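These notes are about the structure you will find just below.
Bear in mind these aren't lab numbers, they're just calculated from the coordinates by the rules spelled out. Predicted, not measured: the structure shown is a model, and the values here were computed from it. All Cβ positions, even for glycine, are placed from backbone atoms using ideal geometry, and neighbour counts span all protein chains on display.
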Amino acid sequence: MIIDNLDASSKPRNPWRLCSLNQVEEVKLVLRLLPIWLSCFMFTAVLVQTHTLFIKQGSTMIRSIGPNFQVPPASFQSLVGLTILFTIPIYDRIFVPAARKLTGHRSGITMLQRIGIGLFLSIVEMVVAAQVEAKRVSIARQHGLMDTPKATIPMSVWWILPQYMISGISDVFTVVGLQELFYDQMPESMRSLGAAAHISVIGVGSFINTAIITAVQAITARSIGILLGDNLNRAHVDYFYWVMAALSALNFGVYLWIASGFVYKKVEGEEEPR
């Protein structure tokens, strides 16, 4: 913003050298959101499991409803959407008023707190998924099905319902919270960029999940054998879920550190969120 000798001697002024106060403040708002954006990639890496490994788990389990109908394993992704559909009214009508009485905040909790709760739930999701997968493998071992990957494990597919539901609830907190944060805290002229940044988290998280799988396979190939092989019963998917839970916990700690220093945009006539 400071006019030096070069700026003073040039007409017209170079916009890449000299900016207004408003432009500088807008850039600061965008840069302030960048660490939050980066710290949410691990959440979407966990989210990807509902479209991949969760479906593969379900395809090996008993999926019968009645004598003549088998539930398609991919259809369990709809459980995430149904959970979101039922959770949002509960959040708005019950959770927010109750939290508002405790915190005094108009939204019950701040946007960063909402995102943080979702990040924590993603850790819980991976822990639950690891426990269920360990149970599935133990049943396969008891029935001598470890080397028959196409055999149906005598275990109901509804065991994976909790991990899908936790994924949907975490979406209500983190994904919606991110959308709200990037819309509210972006400069008004750049809100479309904020929407794009919020959506891009999902895409980048998918690439990170692929990178994690590649790294885990490379590291474990020298010791216990390659994880996530074609035979799901011997693929040690539960170990992979524990790795994801540990990485998510580490990411959650980084997020808490970043969020503790975040300063919300000041709007005239409004109190700064706490």
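Here residue 196 meets each of (1) more than 23 Å from residue 54 (Cα to Cα); (2) surrounded by 12 or more Cβ atoms within 10 Å (Cβ to Cβ) with one exception, condition (2).
Does segment 206-226 contain at least one residue that is of a type in the set (S, T, N, Q), more than 16 Å from the chain's Cα centre (by Cα), crowded, with 19+ Cβ neighbours inside 10 Å and closer than 23 Å to residue 131 by Cβ? Checked segment 206-226: no residue is of a type in the set (S, T, N, Q), more than 16 Å from the chain's Cα centre (by Cα), crowded, with 19+ Cβ neighbours inside 10 Å and closer than 23 Å to residue 131 by Cβ. In the set (1) closer than 19 Å to residue 76 by Cβ; (2) in contact (Cβ under 8 Å) with a residue 40 or more places away in the chain; (3) aliphatic (A, V, I, L, M), the condition left unmet by residue 128 is number (2). Being free of Cβ contacts under 8 Å to residues at least 60 places away in the same chain, in contact with a Pro (Cβ under 9 Å, 6 or more places away or on another chain) and hydrophobic (A, V, I, L, M, F, W, C), is that true of even one residue in segment 53-61? Yes.
With respect to the conditions (1) crowded, with 19+ Cβ neighbours inside 10 Å; (2) in a loop (DSSP other than H, G, I, E, B), residue 149 lacks only one, and its number is (1). Polar (S, T, N, Q), touching a Gly at 6+ places or on another chain (Cβ under 8 Å) and part of a helix (DSSP H, G or I) - does that describe any residue in segment 185-202? Yes, there is a match, as at least one residue in segment 185-202 is polar (S, T, N, Q), touching a Gly at 6+ places or on another chain (Cβ under 8 Å) and part of a helix (DSSP H, G or I).
With the structure loaded, tell me whether residue 103 is within 27 Å of the chain's Cα centre (by Cα), closer than 26 Å to residue 184 by Cβ and buried (at least 18 other Cβ atoms within 10 Å of the Cβ) or whether it fails that test. Considered against the rule, which asks whether it is within 27 Å of the chain's Cα centre (by Cα), closer than 26 Å to residue 184 by Cβ and buried (at least 18 other Cβ atoms within 10 Å of the Cβ), residue 103 comes out as no. Put simply, of 83, 60, 52 the only residue that is within 24 Å of residue 175 (Cα to Cα), surrounded by 15 or more Cβ atoms within 10 Å (Cβ to Cβ) and polar (S, T, N, Q) is 83.
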